[in-house]
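One structure below.
The values are calculated or read from the model by the stated rules, or taken from the named source; none is laboratory data. Note that the coordinates shown come from a computational prediction; the quantities given were computed from them, not determined experimentally. Neighbour counts run over all protein chains shown; Cβ positions are idealised from the backbone, glycine included.
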Amino acid sequence: MTNRKTDMTPDSTTRALADALTRRAPGDDRLAAVNAALLERAENEGLVDIAYAQVDSPYGELFLAATSRGVVALGLPNRPADDMVQRLAAEVSPRIMEAPARLDAPRRELDAYFEGKLRDFSVPVDWSLTRGFTDRALHVVAGIPYGRTLSYTEVADRAGNRKAARAAGTACATNPIPLIVPCHRVLPASGIPGNYGGGPEMKRSLLELEGSLPG
């Protein structure tokens, strides 16, 4: 017996797309119509587990992805979006599609944050890409208040192993949801901003925005 929920045969999908196209103007709108019809059908059939979009920021284009549980990935400007799509497909679900409208809430919060109008993100987070000590360390990072910083040793200590400062650094370096999980607020013991996935200049700029750059 065919399960209607997952039935997207070539014939049925082609008919759905053709019907959508006949209802729209020809020309440049045709590709947009195809994409919209495919997305609508996939969502109606329950086949989109992860929605993603490219989001503008003062630092360049960000990659943003979310599941029904919350934001699952946020890629900084220098990280290829294709790599993140592949990781999400492999580790979370292959049912992934570009669907910007489903990301309006986190996109609005990011815009407000960059404008200095938002101190605390309220969008939910999906922790599917974090495990073990990395997960514990990043939960500590998620609780660092706006305008405050911690050292890697302090993060490790609060995550249950004070001697694991290097592992805390690795957790920050591999943080799948930077900005919302603010690993830019974690500094070396020297107090110098240090490395960051978006580059040291971006980290310094974010700390300056929040008024927490050490003097």
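Please work out which one of (1) under 16 Å from Lys203 (Cα atoms); (2) touching a Phe, Trp or Tyr at 6+ places or on another chain (Cβ under 9 Å); (3) surrounded by fewer than 13 Cβ atoms within 10 Å (Cβ to Cβ) is the condition Gly160 fails and give its number. Among (1) under 16 Å from Lys203 (Cα atoms); (2) touching a Phe, Trp or Tyr at 6+ places or on another chain (Cβ under 9 Å); (3) surrounded by fewer than 13 Cβ atoms within 10 Å (Cβ to Cβ), the lone unmet condition for Gly160 is (1).
Report whether or not Ala105 is modelled with pLDDT of 95 or more, in contact with a strand residue (DSSP E or B) (Cβ under 8 Å, 6 or more places away or on another chain), under 20 Å from Pro182 (Cβ atoms) and outside any loop (DSSP other than H, G, I, E, B). The answer is no for Ala105. Cβ-Cβ contacts under 7 Å between residues 6 or more apart (or on different chains), taken from a first residue in the range 106-123 that is closer than 21 Å to Gly143 by Cβ to a second residue that is of a type in the set (S, T, N, Q) and surrounded by 11 or more Cβ atoms within 10 Å (Cβ to Cβ), are listed as Leu110/Ser57.
With respect to (1) of a type in the set (Lys, Arg); (2) within 21 Å of Glu210 (Cα to Cα); (3) within 13 Å of the chain's Cα centre (by Cα), the lone exception for Arg119 is condition (3).
Can you tell me which residue in the range 49-67 is modelled with the lowest pLDDT, limited to those that are in a loop (DSSP other than H, G, I, E, B) and farther than 16 Å from Leu206 by Cβ? Ranking the candidates gives Asp49 first. Looking at Arg204, Arg148, Arg162, just one residue is among the charged types (D, E, K, R) and out of contact with any helix residue (DSSP H, G or I) (no Cβ under 8 Å at 6 or more places or on another chain), and that residue is Arg204.
Select from the range 108-125 the residues that are in a helix (DSSP H, G or I) and touching a strand residue (DSSP E or B) at 6+ places or on another chain (Cβ under 9 Å) and write down the one among them that is nearest to Leu88 (Cα to Cα). Give the steps one after another, and end with the answer.
Pass one, the range 108-125, residues in a helix (DSSP H, G or I): 108-114.
Going one step further and asking which of them are touching a strand residue (DSSP E or B) at 6+ places or on another chain (Cβ under 9 Å), we end up with 110-111.
Numbers: Leu110: 21, Asp111: 24 Å.
Checking each candidate, the answer is Leu110.
A quick yes/no check of all residues on (1) closer than 25 Å to Met202 by Cα; (2) touching a helix residue (DSSP H, G or I) at 6+ places or on another chain (Cβ under 9 Å); (3) modelled with pLDDT of 95 or more:
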{"position": "Asp83", "(1), (2), (3)": "yes, no, no"}
{"position": "Gln86", "(1), (2), (3)": "no, no, no"}
{"position": "Glu98", "(1), (2), (3)": "no, yes, no"}
{"position": "Leu110", "(1), (2), (3)": "yes, no, yes"}
{"position": "Val123", "(1), (2), (3)": "yes, yes, yes"}
{"position": "Trp127", "(1), (2), (3)": "yes, yes, yes"}
{"position": "Gly132", "(1), (2), (3)": "no, no, yes"}
{"position": "Asp135", "(1), (2), (3)": "yes, yes, yes"}
